[in-house]
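First the structure, in the form of structure tokens, and then the observations on it.
The values are calculated or read from the model by the stated rules, or taken from the named source; none is laboratory data. Computed from a predicted structure; not experimentally measured. All Cβ positions, glycine included, derive from the backbone under ideal geometry; neighbour counts span all protein chains shown. Just so you know, the surface numbers come from the protein's heavy atoms only, side chains and all, with ligands and any DNA or RNA stripped out. Shrake-Rupley method; radii C 1.70, N 1.55, O 1.52, S 1.80 Å.
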Amino acid sequence: MSEPLADDRDSEGAGELGGQGHKVLRNAVSLGLLLVAIAYMAYALRGQSADIVRAMRALPAATYPTLLGLTVVTLVPAIVYHPIAVKRLWAGSVAGVLLAHAYASAQIARYLPGKIFGLMLESSILHRRVPAGAILAANLVQMLMIYAWSTALGTSIIWAWHAGSALPLILIPAALAVLWWAHHAAWAERTVPHISRRLRPRATVVASVPVHANATGATALIAVQWLPFIVLWHLLAGASAGWNGAAVLASCYLLSSIFGSLLLVVPSGVVVREAAFVSLGLFCGFDAAELLSWSLIVRMLLTAGDLLCALLFWALAKTAHD
């Protein structure tokens with residue numbers, strides 16, 4: 001009777017070793033993706049290094065800690081929103097800080113061409129905790145919500161600037177009301193899983209959205225995300241642009257970022273974002289040379305901000321786990 005018991009223990013031990021081996025492999029793949037993404041970011045910006053240095057020297061060095069802090073504060077709401085997006089689709093028990101850590105780390109991998117590497121990294125970190133289909137659907141929902149709000153906000157501000165009237169700004173509270181309704185009615189969460197299943201036929205997503213879904217909190221996170229970004233542009237462009245000009249510049253950058261992000265073959269919208277921003281800025285009456293300098297500085301701030309957020313939420317997840 002002792003031999004079968006010994007065999008069972010051996011097989012269990014082998015299973016545990018196999019599981020450990022898979023975990024080590026996943027961790028290695030995740031780390032590899034992060035390192036490759038960071039190297040690619042440096043490679044993609046290598047041709048702009050001299051221009052970036054010149055642009056950065058135009059600002060006092062003491063300004064950069066504040067600008068970087070505002071960048072991080074701009075990025076954090078989207079990271080905090082992600083656990084809400086996942087839990088509105090998946091009823092499993094997963095710590096919010098782990099979901100935030102996975103999403104923040106995935107932002108680094110998205111600097112690689114193809115956009116798929118961010119999803120791969122997030123799926124690797126959340127392996128066996130959240131189905132890949134739920135991760136894909138949550139990212140699609142989040143992208144839809146943020147892009148729709150940013151487009152409405154940016155378009156109304158630029159329209160008001162050109163019209164010389166505040167009347168177009170009435171679109172902002174209207175868009176905010178639609179955004180709240182979309183969260184309250186779970187419109188995107190009920191629609192996107194069908195798209196997710198078409199993209200991944202084996203995707204598993206919970207069909208019913210949890211009743212306790214926080215529509216007001218989710219809407220507020222998206223709504224306030226770009227306020228520190230406008231403050232950033234006010235500091236960057238100086239008093240000559242004023243608060244109205246800062247809001248217009250931020251709007252131009254938001255719309256340009258959305259355009260660049262929709263090009264799947266371009267890593268994080270490199271070059272396309274800057275070209276679109278300069279074009280929109282010229283349309284709004286700003287100087288081309290200043291627009292290019294500002295766009296390069298903001299590109300570096302966002303890159304550094306993504307790295308800092310990834311480190312911050314990794315530390316928070318590690319602390320919570322320990």
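Details
- Rg(Cα)/(2.2 N^0.38 Å) for the stretch 114-164, N = residue count: 1.69
- 3J(HN,Hα) along the stretch 123-132: 5, 5, 5, 9, 3, 6, 9, 10, x, 4 Hz, from the Karplus curve 6.51 cos²θ - 1.76 cosθ + 1.60 with θ = phi - 60°, whole Hz, x for Gly and Pro.
- HN-Hα J in Hz across the stretch 157-168 - Karplus 6.51, -1.76, 1.60, θ = phi - 60°, x for Gly and Pro: 5, 5, 4, 4, 4, 6, 6, x, 9, 7, 4, x
- Segments 90-97, 58-65, 70-77 sorted - mean Cβ within 10 Å per residue, highest first: 70-77, 90-97, 58-65
- Of all accessible heavy-atom area on the stretch 222-322, the percent that carbon and sulfur account for (1.4 Å): 73
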